[in-house]
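In what follows, a single structure is set out as C-alpha cells and then discussed.
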Amino acid sequence: MKLADKIKLPEGRRLEFKETMPSNADFTKTVIAFANDAGGELYIGVKNNPRLLIGISENKLDGIENKISNIIHDSCTPLIQPEISFFAEEGKHFIRVYIHKGSKPPYFLKSKGKDEGTFIRVGSSNRLGDSETILHLERLASNISFDAELNYSKDFNKIAIDEFAAFFKEKTSEDLTENILEKLNLIVKDQGQKRASNSLILLSNDKLKTRLFPNAKIECARFKGTKPGNFIDQKSFTGSIVGHAELALNFVKRHISEGTKNYEGVYRNDRWEYPIIALREVIRNAVIHRDYSLTGKDIKIAIFDDKIEITSPGKLMPTVDFDEMFAGQSDVRNKVLAPIFKRLGLIEQWGNGLQLIADDLKAYPEIKLSWSEPGTSFRVAFINQNYLQQQELQQELRQELQHELQHELQHELQHELQHELQHESLISKVLKIISPKEINTKGIATVLGQKSISGPLKKTLSSLLEKALIEWTIPEKPKSKNQQYRITKRGIAFLQLLSKKN
C-alpha cells in the first residue's frame with residue numbers, strides 16, 4: 001500500500017505517524033508497546049492533524065536512522081531489532097520503522113525496570129502496563145496460558161463440577177472421570193499431588209469460582225432506544241462457563257424478531273432479524289477466547305433498537321485480523337479450555353469461526369459488522385442499517401407531514417386517539433412494533449410475547465389496515481406467505497399525535 005493511501009487509515013494498535021523524529025521517551029514507549037503486542041509500524045515525515053505528507057530532508061535520513069538504532073539499543077530490553085527503511089513518494093522522503101511482535105515479552109525501559117517501564121498498546125496510545133499485564137506477557141513468553149495455571153485454593157476432588165459433568169455427559173455420552181480430567185489437563189500432577197487448573201474452576205459451579213473469578217460471567221441487557229440507559233430486560237449468567245454461550249444466545253433470540261422471508265419449494269425459510277449463526281460464533285468466541293486473567297471485567301451483550309454489541313475482556317489475539325475473515329485464521333488464548341470446547345462441539349474446527357460469520361452475513365446485506373478495541377477489550381457490533389434508514393425516512397416524514405394530515409386524523413380518528421391516550425391498547429403497541437421495520441404477523445406476536453397469533457391481534461391488524469395506518473408489503477397478493485406490514489405516513493402521524501398529547 002502506498003503511503004498516500006495508508007495515511008487515510010486511523011492510527012491504532014499497529015500504526016502510528018510522526019511529522020518529525022519524536023522525543024526519545026515517546027519513541028521508546030511506542031517501540032516497546034508494539035513489541036509487547038502485535039508489532040507495528042511507525043512512519044516519520046507524516047503530519048498527523050491534518051494528515052499530510054511532509055517528508056524529511058534527504059541529507060537527514062542517515063542521521064535519523066542511526067539515532068533510532070541507538071535509542072532502541074540503549075533504552076529497551078530485551079533486545080528489539082527494528083526494520084528501518086527509507087523510501088520516496090511524491091518527491092518526498094520518509095522513514096518507516098517496523099517493529100516485530102516480540103518473542104520474549106515483557107519488553108521494558110532499562111532505566112525504569114520491568115514494573116515501571118513496561119508499556120502496551122491500547123488503541124493509538126501507549127499505556128503503562130500493570131501487574132496483571134506483566135504477568136500476562138510473562139505467560140506469553142513461557143507459552144503458558146492463564147487457564148492452564150495450577151490453582152492451590154482447593155483440592156480438585158472437592159470442587160463442585162456437577163453442571164459441567166452433566167453437560168459433558170450430554171455432549172459426549174461419557175462420564176467425567178478423574179482419568180478424563182487428567183487427559184483434558186483440568187487436573188495436573190504437581191510434586192506428587194493432583195492439582196486443579198484454573199480451567200477446572202472456571203468450568204465448575206463451585207463457590208470458589210465466584211470468589212476467585214467473580215467476573216467469569218456474561219451480563220446481558222436489552223436497552224430501550226439506541227444508547228445505554230434504561231433497559232427493558234437484563235440477565236446475568238454465572239455458574240459453569242460451559243453453558244454461557246447457549247444461555248446468552250437464547251437471551252438474544254428473545255429480544256429479536258423471527259419472520260418468514262421466503263419459501264423454497266414447500267419449505268419455509270424463517271429468517272431472524274439478525275444472523276443467528278454469526279451471533280452464535282461471536283458469543284462462543286467471547287467465552288472461549290476472553291482473557292480470564294483480567295479482573296473486574298465480564299462479557300457484556302447489549303441489545304439496542306439498532307444494533308447488538310458483544311464485548312469481551314482481552315484484545316484480539318495479535319495474529320488474528322478480523323478484517324480477513326476468509327483467511328482461516330486461528331489463535332488460542334486459553335490453551336486448555338479451547339480443546340475442551342472443541343470436543344464438546346462448541347468449536348466446529350480450528351479457524352472456521354470467522355468463515356462461518358462471513359458466510360452467514362452474506363444473507364444479511366442490511367447488517368453491517370464492525371469491531372473495535374475499547375481499552376483492553378474486544379467488541380463486535382451487528383448494526384441494522386435498515387433501522388437507520390427507517391429512522392431517516394421517519395425524520396423526513398416528520399418534517400414533510402402537513403398540518404392537514406394531522407388535522408384530518410384528529411377528526412377521523414378522534415375516538416381512537418382518546419382511547420389510546422387513556423389506555424395504551426394493541427393499536428399503539430402494534431404500530432410501535434411495525435414503525436421501525438417491516439415485519440410479519442408471527443414476528444409481531446413474538447415481540448408481544450404471544451406464543452401464537454391471537455384473535456385480538458388479527459382484529460387489530462385488520463383495523464389498522466382499514467384505517468390506512470399500516471399497509472401490506474405485497475398488496476397485490478394479500479394471502480402471500482411472504483406478506484409483511486409496514487407503517488404508513490398516516491400511521492407515523494398518528495403516533496406523533498399520541499406523543500404530542502402525552
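The values are calculated or read from the model by the stated rules, or taken from the named source; none is laboratory data. Keep in mind it's a predicted model, so treat the numbers as computed, not measured. Note: ideal-geometry Cβ built from the backbone for every residue, glycine included; neighbour counts use all protein chains shown.
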- Search result, residues across region 157-175 that are among the charged types (D, E, K, R), under 14 Å from Leu202 (Cα atoms) and either touching a residue at least 60 places away in the same chain (Cβ under 8 Å) or assigned to a loop (DSSP other than H, G, I, E, B) (or both): Glu163
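For region 110-138, give me the residue count where each residue is assigned to a helix (DSSP H, G or I) and closer than 15 Å to Thr30 by Cβ. Spell out how you get there, then give the answer.
Residues of region 110-138 that are assigned to a helix (DSSP H, G or I), as a first pass: 113-117, 131-138.
Okay, now just the ones that are also closer than 15 Å to Thr30 by Cβ, so 117.
Here the count works out to 1.
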- Message: Taking the condition of being buried (at least 18 other Cβ atoms within 10 Å of the Cβ) and closer than 17 Å to Lys315 by Cα, how many residues in region 354-372 meet it?
- Response: 1
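Going by the conditions given, is Leu469 modelled with pLDDT under 90, in contact with a strand residue (DSSP E or B) (Cβ under 9 Å, 6 or more places away or on another chain) and over 22 Å from Arg271 (Cα atoms)? Outline the logic, then answer.
Working: modelled with pLDDT under 90: yes; in contact with a strand residue (DSSP E or B) (Cβ under 9 Å, 6 or more places away or on another chain): yes; over 22 Å from Arg271 (Cα atoms): yes.
Yes: the conditions hold for Leu469.
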- Task: Looking at (1) of a type outside the set (Asp, Glu); (2) surrounded by fewer than 17 Cβ atoms within 10 Å (Cβ to Cβ); (3) out of contact with any helix residue (DSSP H, G or I) (no Cβ under 7 Å at 6 or more places or on another chain), find the lone condition where Ser153 falls short.
- Result: (3)
- Is region 393-403 home to any residue that is closer than 25 Å to His255 by Cβ, modelled with pLDDT of 70 or more and in a helix (DSSP H, G or I)? no
- Determine the pairs where a residue that is free of Cβ contacts under 8 Å to residues at least 40 places away in the same chain and among the charged types (D, E, K, R), located within region 204-222, has a partner that is surrounded by 20 or more Cβ atoms within 10 Å (Cβ to Cβ) and part of a strand (DSSP E or B) with Cβ atoms under 6 Å apart, the partner being 6 or more residues away or on another chain. none
- Do we find a residue being loosely packed, with under 14 Cβ neighbours inside 10 Å, farther than 21 Å from Glu246 by Cα and at pLDDT below 90 anywhere in region 329-346? yes
- Item | Filtered residues of region 191-210 (kept if surrounded by 11 or more Cβ atoms within 10 Å (Cβ to Cβ) and of a type outside the set (S, T, N, Q)) | Lys194, Arg195, Ala196, Leu200, Ile201, Leu202, Leu203, Asp206, Lys207, Leu208, Lys209
- Identify the residue in region 456-497 that is in contact with a helix residue (DSSP H, G or I) (Cβ under 7 Å, 6 or more places away or on another chain) and either aromatic (Phe, Trp, Tyr) or not assigned by TED's automatic domain parsing to the domain that holds Ile434 (or both) and, among all such residues, is nearest to Ser435 (Cα to Cα). Tyr485
- Message: Please pick out the residue among Ser103, Ser153 that is under 29 Å from the mean Cα position of the chain (by Cα) and either over 29 Å from Leu316 (Cα atoms) or assigned to a loop (DSSP other than H, G, I, E, B) (or both).
- Response: Ser103
- What is the number of the single condition among (1) of a type in the set (Ser, Thr, Tyr); (2) part of a loop (DSSP other than H, G, I, E, B); (3) within 19 Å of Leu344 (Cβ to Cβ) that Thr226 does not meet? (3)
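Could you say whether any residue in region 74-86 is in a helix (DSSP H, G or I), over 31 Å from the mean Cα position of the chain (by Cα) and on the phi < 0 side of the Ramachandran plot?
Within region 74-86, one or more residues are in a helix (DSSP H, G or I), over 31 Å from the mean Cα position of the chain (by Cα) and on the phi < 0 side of the Ramachandran plot.
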- Considering only residues that are more than 20 Å from Phe304 (Cβ to Cβ) and assigned to a helix (DSSP H, G or I), look in region 358-376 and name the one that is nearest to the chain's Cα centre (by Cα). Ala358
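Does Gly259 fit the bill of being surrounded by 19 or more Cβ atoms within 10 Å (Cβ to Cβ) and at pLDDT below 90? If you could, list the steps in order and put the result at the bottom.
Numbers: surrounded by 19 or more Cβ atoms within 10 Å (Cβ to Cβ): yes; at pLDDT below 90: yes.
Criteria met by Gly259.
From the residues in region 54-71 that are assigned to a loop (DSSP other than H, G, I, E, B) and of a type outside the set (S, T, N, Q), which one is nearest to Gly102 (Cα to Cα)? So that I can check it myself, show each step before the final result.
Here is the first cut: in region 54-71, the residues assigned to a loop (DSSP other than H, G, I, E, B) are 54-55, 57.
Imposing the further condition that a residue be of a type outside the set (S, T, N, Q) reduces the set to 54-55.
Details: Ile54: 31, Gly55: 29 Å.
Only one residue fits best here, namely Gly55.
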- Can you tell me which residue within region 22-53, out of those that are in contact with a strand residue (DSSP E or B) (Cβ under 6 Å, 6 or more places away or on another chain) and part of a loop (DSSP other than H, G, I, E, B), is modelled with the highest pLDDT? Gly45
- Query: Is there any pair with a first residue in region 73-88 that is in contact (Cβ under 8 Å) with a residue 40 or more places away in the chain and closer than 11 Å to Val31 by Cα and a second that is part of a strand (DSSP E or B) and of a type in the set (Val, Ile, Thr) whose Cβ atoms are under 6 Å apart and which are 6 or more apart or on different chains, and what are they?
  - Reply: Pro82/Val97; Pro82/Ile99
- Query: Listed residues Ser428, Ser452, Ser462; which is surrounded by fewer than 17 Cβ atoms within 10 Å (Cβ to Cβ) and over 18 Å from Trp272 (Cα atoms)?
  - Reply: Ser462
- Item | Filter result (crowded, with 16+ Cβ neighbours inside 10 Å and of a type in the set (Val, Ile, Thr)) within region 1-51 | Ile7, Thr28, Thr30, Val31, Ile32, Ile44, Val46
